[in-house]
Amino acid sequence: MERNLKNVLVISFGFLLLFTAYGGLQSLQSSLHSEEGLGVASLSVLYAALILSSMFLPPVLIKKLGCKWTIAGSMCCYIAFSLGNFYASWYTLIPTSVILGLGGAPLWSAKCTYLTIAGNSYAEKAGKNGKDIINQYFGVFFLIFQSSGIWGNLISSLIFSQASNKVEISEENLACCGAYDCMTDTSNTTGPAGPSNSLIYTLLGVYTASGVLAVLLIVMFLDQIKSDQAKTEKEILETPSFWSTFLATFQHLKDKRQCLLIPLTMYSGFEQGFLSGDYTKTYVTCALGIHYVGYVMICFSAVNSLCSLLFGKISQFTGRKLLFALATVTNTACIIALLLWKPHPEQIAVFFVFPALWGLSDAIWQTQTNGLYGVLFEKHTEAAFANYRLWESCGFVIAFGYSTKLQVYIKLYILLSVLVLSMVTYGVVEYLEGKSSPGTPTATKKENVGPVTQETHM
């Protein structure tokens, strides 16, 4: 047990170091690289590459390299993205975004495969239930990993708060913040006073070093899959085959319920994309300065983590319908308030209220949508969750793609429209489920919510 637990901890802390850097950097992209929308364009390209990567790369790389070296190599893709930010331009940031996107899917797939093999191996030797051990391993992993959003954003805020050129923002510039932002006025996109190059390079240096430490940790301390586990690894990777899984992803769209869940799944990408791409730039950075972005996103990450744990446990008592209703009401109220609110530095507390409420809603969207897929498509989970990753990533791509083309109030109306459509189609799914099994209270089933591995964690 000690050896297996050691490997679980090595992977967990490796991911913690890696996503401390990536999470903090993603939150800052729209503010650091606002010229011609370079920052959000890089994120859009990144998630587009992730979609392609999810379809083709994971089985091939894991078969050729094994789990350990797939994890280490994929982590290097994240380091490339950090290096691309040192001299950010269309010729450096876009290619490194593609590299990161291509490495994202193999990284997560190799991690899941490794923990599954390790859990099954220990359970077989100890005479325990494999699923129980695997769940324990994933629990340890996410307990450590989820805090990366806090540390990455804390580092950026502490470094940027050292800026000595902070100035008071004028009322004229404040008029360009919020829902009715002045898209033609780029002078205010980096806030009252942008951080100096030395501070930016310091931050990027810390993030790059964190990524390098993650790779070294994996290379030096993670054990390779033992020879007696090779058969297990082969079975996991080859059952079902790569092409059958690829085709099953699209064949699964023949299921009417899957098609009806597409708006809900895409909304998850839309709402996360808005918070990290638009709220951080046109509300926080514009009115308070870039050094507040990290603190605001810490608030989001902390509430999201706590509520994910809470809602994952109470869903068996409340049912998913009630939780979805809570998330809908909360998100709708936030969207309407953001349309009406004019951000001002004197209202600092309000800047934290929105990400806190957004974190509460996002926790529901993540846990309950994952749980819904698991309950509805129990016999086709692999194809179902492949569709989940596909459509959520599409939501990210679209949200970041139109980020620089539309004013914020239009994006908020789009967000609200997609939310309404999502709840209508979700309601149809629940109606169909109730109709097909009238004696089964599907809304109150205990839902096994698996680990959430995407979202903004990518």
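Tabulated data for the structure shown
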item	result
Filtered residues of the range 113-138 (kept if open to solvent by 40 Å² or more (accessible area, probe 1.4 Å) and closer than 17 Å to Gly14 by Cβ)	none
Residue check, Gly374 closer than 26 Å to Asp181 by Cβ and in a helix (DSSP H, G or I)	no
Options Phe274, Phe242, Phe246: the member that is modelled with pLDDT of 55 or more and buried (at least 19 other Cβ atoms within 10 Å of the Cβ)	Phe274
Matching option when the condition is within 17 Å of Gln26 (Cβ to Cβ) and not assigned by the TED database to the domain that holds Leu46, among Leu264, Leu275, Leu323, Leu288	Leu275
Condition check for Thr367: in the same structural domain as Glu271 (by the TED database), polar (S, T, N, Q), more than 22 Å from Gly24 (Cβ to Cβ) and open to solvent by 20 Å² or more (accessible area, probe 1.4 Å)	no
Meets criteria (at pLDDT 85 or above, open to solvent by less than 10 Å² (accessible area, probe 1.4 Å), in the same structural domain as Thr282 (by the TED database) and of a type in the set (A, V, I, L, M, F, W, C)) for Trp391	no
Filter result (in contact with a Ser or Thr (Cβ under 9 Å, 6 or more places away or on another chain), β-branched (Val, Ile, Thr) and over 22 Å from Ser31 (Cβ atoms)) within the range 42-60	Ile51
Candidates Ile117, Ile144 - the one that is in contact (Cβ under 8 Å) with a residue 60 or more places away in the chain and farther than 26 Å from Ser393 by Cα	Ile117
Of the criteria (1) open to solvent by 30 Å² or more (accessible area, probe 1.4 Å); (2) among the aromatic types (Phe, Trp, Tyr); (3) in a helix (DSSP H, G or I), which one Phe15 fails	(1)
Filter result for Ala49 (under 23 Å from Ile144 (Cα atoms), among the hydrophobic types (A, V, I, L, M, F, W, C), in the same structural domain as Trp90 (by the TED database) and crowded, with 21+ Cβ neighbours inside 10 Å)	no
Helices (runs of 4 or more DSSP H) wholly inside the range 241-350 containing at least 3 residues that are at positive phi	none
Close pairs (6 angstrom Cβ cut-off, 6 or more residues apart or separate chains): in contact (Cβ under 8 Å) with a residue 40 or more places away in the chain and farther than 20 Å from Lys281 by Cβ in the range 325-348, open to solvent by 30 Å² or more (accessible area, probe 1.4 Å) and assigned to a helix (DSSP H, G or I) anywhere	Thr328/Met423
Residue in the range 52-70 that is at pLDDT below 90, surrounded by fewer than 17 Cβ atoms within 10 Å (Cβ to Cβ) and hydroxyl-bearing (Ser, Thr, Tyr) present	no
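The values are calculated or read from the model by the stated rules, or taken from the named source; none is laboratory data. Please read all numbers here as calculations on a predicted model, not as lab measurements. Virtual Cβ from ideal backbone geometry, glycine too; neighbours counted across all protein chains shown. These accessible areas exclude ligands, DNA and RNA; they are computed on the full protein's heavy atoms, side chains included. Shrake-Rupley method; radii C 1.70, N 1.55, O 1.52, S 1.80 Å.
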